[in-house]
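Report on the structure given below.
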Amino acid sequence: MTRGKQSYFAPVQDLRMLKAHMASNGEGEPGSPARTYEEALNCLSSLITRRTRADGANKGDHFDLMFEYLKILELEDSMSRLKVIHVAGTKGKGSTCAFTESILRNCGFHTGLFTSPHLIDVRERFRLDGTDISEEKFTAYFWWCWDILQEKINDDVPIPTYFRFLALLAFKIFVAENVDVAIVEVGLGGKFDATNVVWDYGLCYPETLELCDLW
């Protein structure tokens, strides 16, 4: 990681710059009129399912679909340039993520942080330079991902489930915001956790925590 490197994406300061940024990178603009943050939350809630990962009928939880979603969102090339610290384990993941992000930020790095769960507002899961993502940016990135996925989904590639959508949204945010490093906490963990796609793109630094006793 080096500071002052060539940017692949322009920094985004407000919604007008966000739209210009997406258009300038060949991504076009979302195909539907502007919608509100509250509407985004309602759509997000619709992705919550009571099915378990062990349910064979739950196609939305097939791990390989994560790579299809990244293709649909045209994030594959960008993901190969995203530097990720991937945190997994039994206890202390959130604290480790927070400490790591704080250290890197205070060393001058432009950081992104994705953790779960949130307590009050879903935006708590997405932090840029130590601050929750703004409603404006969250709303713009949400509808960007939502509209593209809704256009491309079918019986074989259904809309992603709640956490998988959030993971995809985090990757989109971190790529578009051109972070120097993204600190990513696993969800439920295990082989098929949505965040494990980072391992297929090379620049990943693992941090595994095991249960221990401190005396």
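Worth a mention:
- Ranked packing of 131-138, 117-124, most packed first, by mean Cβ within 10 Å: 131-138, 117-124
- Two-site label geometry, Asp121 and Ile159: point separation in nm, points 7 Å out along Cα→Cβ: 2.4
- Extension gain, Ser80 back to Cys43 (0.36 nm per residue minus Cα-Cα distance, nm): 10.4 nm
- Within the accessible area of segment 81-196 (1.4 Å probe), percent carbon and sulfur: 54
- Sorted peptide list for 73-86, 36-49, criterion being average Cβ within 10 angstrom, highest first: 73-86, 36-49
The values are calculated or read from the model by the stated rules, or taken from the named source; none is laboratory data. Since this is a predicted model, take the numbers as computed values, not measurements. Cβ coordinates were reconstructed from backbone atoms using ideal geometry, including for glycine residues, and neighbour counts include every protein chain displayed. For accessibility, only protein heavy atoms count, side chains too; no ligands or nucleic acids. Shrake-Rupley method; radii C 1.70, N 1.55, O 1.52, S 1.80 Å.
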